[in-house]
Amino acid sequence: MRPRLRARVAGVGGHLPARVLTNAELPAHLDTSDAWIVERTGIRQRHLAAEGELTSDLAVAAARRALEMADARPEDVGLVLLATSTPDNTFPATATRVRERLGIPPGPAFDLQAVCAGFVYALSVADSLLRTGTAKSALVIGAETFSRILDWNDRSTCVLFGDGAGALYLVAEEQTGTVLDRGVLATHLSADGRHYHQLYVDGGPSSTGTVGHLRMNGREVFRHAVAAMSASAEEVCRRVGIPPSEVDWFVPHQANLRIIDALARRLGIPDERVARTVDRHANTSAASIPLALDVLVHEDRLRPGHLVLLSGIGGGFAWGSVLLRW
Ligand code: ACO
């Protein structure tokens, strides 16, 4: 094996807004119940951004923790990549504001939009830029304020989502070129726009000139989520020659406990190696995977050397997976 550059995770951070909205509080405004939500989704509560608390505020807090864990200074950071579907403004990229607020000197910063698959897309792009030497390090952040695009009168969608942010700090490092290397080992991305209207927002700058609200055909999303994520997870594992059943951690996008359980069963991954944070965070879209990683690290369950499989799917549909060694 020839030595090669790998994008290794040096730090992780998460941030959730202070306000917690439990299922029990919802029936006051909505024809729903804690029992229905828990049974169909596994969600028990979600965090909501306060008035004036923006996606950039959540992103900055999560990124700061990732840099602290890595013992990195702002001037060490090369690329800033923010996965979000709920930017502060239509433009400029929220990543530029995050970069400035963290005191990182001028350099590349951009937003990436692949909805709930945003984090695996962003991680895959950052991996490419690090492995080609375009950047020496990268902050990859998933941050969302989905509460702002929910129709709070639509019980079939508003109970499912929450706000939050998670971040990884990655550094380019020369390693041996084997599957024992630490860092990203393989990535897989895909999208199929024939499903555009199964999960979308009914507004936008070039269509309605409004922000719009999230709309979803839940059953179709469910069906495709399990099929697409399991195929993608199998594909990244195949590229490295390790079966999914042998990973130390499976960290799928946290949308629904039933989707997560069905995926784990299909992939043959035992329960104790599957991340489940949807009960406390709900679906935080691009933030869900890095938030789950942050929880696992802080509970001292995810450790250096562990093999980690990430998988996400979102509107589009867009989906993908990343296999990495922590
Ligand atoms: N409370 C009470 N009843 C509800 C609620 C609610 N919050 N929401 C819907 N219902 C009712 C419906 O109106 C319907 O009533 P009806 O039979 O009188 O018409 C009944 O419950 C069943 O509705 P379904 O939509 O068929 O329920 P289903 O079992 O499919 O569960 C759910 C809905 C939870 C959305 C499910 O389809 C699902 O999880 N889909 C995946 C979607 C998802 O996770 N999306 C997240 C975004 S995409 C992503 O991140 C991958």
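In region 17-30, the residue that is farthest from Glu51 (Cα to Cα) out of those that are of a type outside the set (S, T, N, Q) and open to solvent by less than 50 Å² (accessible area, probe 1.4 Å) is Leu30.
Under the condition of being in contact with a Gly (Cβ under 9 Å, 6 or more places away or on another chain) and of a type in the set (Val, Ile, Thr), the residues counted in region 68-103 number 4. If you go through region 207-264 and keep only what is small (Gly, Ala, Ser), buried (at least 20 other Cβ atoms within 10 Å of the Cβ) and within 12 Å of the ligand (Cβ to nearest atom), you end up with Ala225, Ala228, Ala255. Against the conditions (1) away from the ligand (no atom under 16 Å from the Cβ); (2) assigned to a loop (DSSP other than H, G, I, E, B); (3) within 20 Å of the chain's Cα centre (by Cα), Ile43 satisfies every one except (1).
Just to be sure before I move on: is Ile289 within 10 Å of the ligand (Cβ to nearest atom), under 30 Å from Phe91 (Cβ atoms) and touching a Phe, Trp or Tyr at 6+ places or on another chain (Cβ under 9 Å) in the structure I sent? Considered against the rule, which asks whether it is within 10 Å of the ligand (Cβ to nearest atom), under 30 Å from Phe91 (Cβ atoms) and touching a Phe, Trp or Tyr at 6+ places or on another chain (Cβ under 9 Å), Ile289 comes out as no. Within region 256-277, the set of residues being of a type in the set (A, V, I, L, M, F, W, C) and touching a Leu at 6+ places or on another chain (Cβ under 7 Å) comprises just one member, Ala275.
Open to solvent by less than 60 Å² (accessible area, probe 1.4 Å), in contact (Cβ under 8 Å) with a residue 60 or more places away in the chain, away from the ligand (no atom under 16 Å from the Cβ) and touching a Lys or Arg at 6+ places or on another chain (Cβ under 9 Å): does that describe Gly177? So Gly177 fits the description; yes.
Set side by side, the residues Leu58, Leu81, Leu123, Leu139 differ, and just one is part of a helix (DSSP H, G or I) and touching a helix residue (DSSP H, G or I) at 6+ places or on another chain (Cβ under 8 Å), which is Leu58. Can you tell me which residue in region 101-147 is surrounded by the most Cβ atoms within 10 Å (Cβ to Cβ), limited to those that are among the hydroxyl-bearing types (Ser, Thr, Tyr) and out of contact with any Asp or Glu (no Cβ under 8 Å at 6 or more places or on another chain)? Among residues in region 101-147 that are among the hydroxyl-bearing types (Ser, Thr, Tyr) and out of contact with any Asp or Glu (no Cβ under 8 Å at 6 or more places or on another chain), the one surrounded by the most Cβ atoms within 10 Å (Cβ to Cβ) is Tyr121.
Residue-by-condition table, conditions (1) closer than 22 Å to Ile149 by Cα; (2) of a type in the set (A, V, I, L, M, F, W, C); (3) not assigned by TED's automatic domain parsing to the domain that holds Thr284:
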{"position": "Gly13", "(1), (2), (3)": "no, no, yes"}
{"position": "Ala18", "(1), (2), (3)": "yes, yes, yes"}
{"position": "Thr22", "(1), (2), (3)": "yes, no, yes"}
{"position": "Pro27", "(1), (2), (3)": "yes, no, yes"}
{"position": "Ile43", "(1), (2), (3)": "yes, yes, yes"}
{"position": "Ala66", "(1), (2), (3)": "no, yes, yes"}
{"position": "Asp71", "(1), (2), (3)": "no, no, yes"}
{"position": "Pro74", "(1), (2), (3)": "no, no, yes"}
{"position": "Phe91", "(1), (2), (3)": "yes, yes, yes"}
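When Ile313 is tested against the conditions (1) open to solvent by less than 10 Å² (accessible area, probe 1.4 Å); (2) within 20 Å of Ala227 (Cα to Cα), the lone failure is (1). For region 299-326, the set of residues classified as touching a residue at least 60 places away in the same chain (Cβ under 8 Å), at negative phi and away from the ligand (no atom under 16 Å from the Cβ) consists of Pro304, Leu307, Val308, Leu309, Val322, Leu323, Leu324, Arg325, Trp326, listed by residue number. Which one of these does Tyr200 not meet: (1) buried (at least 17 other Cβ atoms within 10 Å of the Cβ); (2) outside the structural domain of Arg40 (by TED's automatic domain parsing); (3) part of a helix (DSSP H, G or I)? Checking Tyr200 against (1) buried (at least 17 other Cβ atoms within 10 Å of the Cβ); (2) outside the structural domain of Arg40 (by TED's automatic domain parsing); (3) part of a helix (DSSP H, G or I), the one that fails is (3).
The values are calculated or read from the model by the stated rules, or taken from the named source; none is laboratory data. Source: prediction; values computed, not measured. Note that we place each Cβ from the backbone using ideal geometry, even for glycine, and neighbour counts take in every protein chain shown. SASA here: full protein model, heavy atoms, side chains in, ligands and nucleic acids out. Shrake-Rupley method; radii C 1.70, N 1.55, O 1.52, S 1.80 Å.
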